[in-house]
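Following: one structure in structure tokens, then a few remarks.
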Amino acid sequence: MKLVESVKPGNPKRLTYLSLIAVVLFLGWLSYAVGINHMPVKDTIWALTPPIIAISLALITKEVYSSLFLGMLTGALLNADFNLVGGLNKLFPDGVMTVLADKWNVGILIFLVILGMMVQLMNRTGGSAAFGAWASNRIKHRAGAQLSTMLLGCLIFIDDYFNCLTVGSVMRPVTDKHKISRAKLAYLIDSTAAPICIIAPISSWAAAVSGFVKEENGISIFVQSIPFNFYALLTLLMMVFIIIMKVDYGPMLLHENNARKGDLFTTGKGKQVREESQQEEKVGRVSDLVVPVVFLVVGCVIGMIYTGGFFGGKSFIDAFADSDASVGLVLGSSVALIITIAYYLLRQSLSFADCMECLPEGFKQMVPAMLILTFAWTLKSMTDNLGAATYVAGLVENSAGELMGFLPAIIFAIAVGLAFASGTSWGTFGILIPIVVSCFHEVDPQLMIISISACMAGAVCGDHCSPISDTTIMSSAGAQCEHLNHVATQLPYALTVASVSFFTFLVAGFTKSAWISLVFGIVVLFLFLLFIRHRTKK
């Protein structure tokens, strides 16, 4: 069957060239200002220059590797006062090589590789195709496929990395059969990763946040902050609204229209997907996908609580609070991989040679995500060394006490900007939450709770929007969607919820009521989507 020709996005080469020329000219001026005139950079707004360059170029040129590299290079030169040899040392020995020597980072990369291997094994047995066929007989509509993806994402609330890759592996066959674009799948994955983890008391995120709240009961503070985490709650409602109301807008509308015609990528790769599916040698059983996923879930949970000391006598919640997610995910997923291979061999679903062939193929599948993650981590390291966190912390401390009612909304906006520029939620928590606690824990405990929620909501929002965020990159990998397509299609949706959340935090700052504020946010979001649906139909 011939695929219907889809609409291709434009390729603004002139804008790309102009933006690159502008960056070169800006770097020339910066080298003069910093290298010759000794303009101060550390702990100033100039410390945000590297991520701003990387993110701007990525959104304009649609090319992520060179954009991240230029951002890294800018950060290295700024750290070395534009000394070329010093800049190269900052970029490679102190940058790329250092982040790749970090145990946490290496653990995440190993986890990615193992997930890629398991996906290849499940595809080779035909388990993915079998699950897709089984689900298609029960999920009759596009809305059902999207809601099922969202539900599975909500159920896997333990860790966002685990969520991104597992949901993508399980739901890709279902969404492909219902002609849902890979960009939409990536959005659904990303929107049920960090947003659901940040409101789940038993998760690696709850453990991280509670660790930043000193001199207070961290878990208790986290639970009290959940009703005020407006960005996370409204993001979940946003997904339900756009699925049921059948509303799409911005670049996502183009991707969804093309997907209905057979092009799931809006990059001319629709035919490639069809050919790959035809090359699948056999259709396996649903158990060939479900059983390995169960092994993976159980293994990762046990791995995380093991690193937290559960088997040494700690309670389940305390073990999660003290867990090392990176090590736990590696231990759990590696055991799950071994058990999965043994399961396939016992069932004679695959030969031993076939299983071994899947391992390097799974590694290859994850190379783009691993490269982007490495560049993003290096960029964050450069930004941290320039003192961007110190600069932002000063902004928050200076605003405290002067604009009490407005403070939650202000903190939310600052957290969005910091997380967007740095690509990290946890780093943003670590900077802002201790400041909020020190300012308000004796003055106004309720406002402290709301402001902590604003920190978390803003950090998740900025992380959600950022092209250099770990979870954004892994959501693209889980959906097997081109990364910048995911960023461009998700951004209007995330900014919609961010705008509504900002005004909702304004209401919360004065009413100090979670329910009044949340109802206000839900009504505003629903009315906006009604307006968009009306405009889109026209």
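Quick notes on this one:
- Potential lengthening of the chain between Ile45 and Arg260 amounts to 72.9 nm, from the contour at 0.36 nm per residue minus the alpha-carbon distance.
- When each full DSSP H helix of the chain is screened for a Cα extent of at least 18 Å along its own axis and an average Kyte-Doolittle hydropathy of at least 0.5, the helices passing are 13-31, 64-79, 103-125, 142-155, 230-244, 287-307, 325-347, 407-422, 425-440, 445-465, 483-511, 514-537.
- Accessible carbon and sulfur surface of the range 350-503 relative to its total accessible area, %, 1.4 Å: 66
- The charge dipole of the range 435-536, taken about the Cα centre with unit charges on the Cβ atoms of Lys, Arg (+1) and Asp, Glu (-1), comes to about 420 debye, rounded to the nearest 20.
- Of the cross-linked pairs Lys103/Lys179; Lys62/Lys364; Lys62/Lys380; Lys42/Lys512, those separated by over 28 Å at the C-alpha level are Lys103/Lys179; Lys42/Lys512.
- Protection proxy ranking of 447-454, 48-55, 24-31, by the mean of other Cβ atoms within 10 Å over each peptide's residues and highest first, is 447-454, 48-55, 24-31.
- Relative pair counts by distance (%), Cα atoms of the range 8-115, 5 Å bins: 2, 11, 17, 19, 18, 14, 9, 7, 2, 0, 0
- Per residue solvent-accessible surface (Å²) - the chain, probe of 1.4 Å: 41
- Lys/Arg +1, Asp/Glu -1 at C-beta; the range 1-151 dipole; positive extreme among Ile114, Trp46, Ile21: Ile114
- For the chain, the spherically averaged projection of the C-alpha convex hull amounts to 26.0 nm².
- Residue (of Ile338, Ile198, Ile242) at the positive-pole extreme of the chain, dipole from beta-carbon charges: Ile242
- Extended-chain gain in nm, criterion 0.36 nm per residue less alpha-carbon gap, Ile52 and Ile338: 98.7 nm
- Dipole magnitude for the chain: about 2280 debye, using +1 per Lys or Arg Cβ and -1 per Asp or Glu Cβ, origin at the Cα centre.
- Taking the accessible area of the range 18-116, probe 1.4 Å, and keeping the other protein chains in place, the carbon and sulfur fraction comes to 73%.
- Point-charge dipole on Cβ atoms (K/R +1, D/E -1) for the range 1-136, about Cα centre, debye to 20: 480
- For the pair Phe510 and Glu357 in one chain, pulling the backbone fully straight at 0.36 nm per residue adds 49.0 nm over the alpha carbon distance.
The values are calculated or read from the model by the stated rules, or taken from the named source; none is laboratory data. Everything numeric in this text was worked out from a predicted model, so none of it was measured. Don't worry about glycine lacking a Cβ; one is built from the backbone with ideal geometry, like all the others, and counts go over all protein chains shown. Heads up: the accessible areas ignore ligands, DNA and RNA and are worked out on the full protein's heavy atoms, side chains in. Shrake-Rupley method; radii C 1.70, N 1.55, O 1.52, S 1.80 Å.
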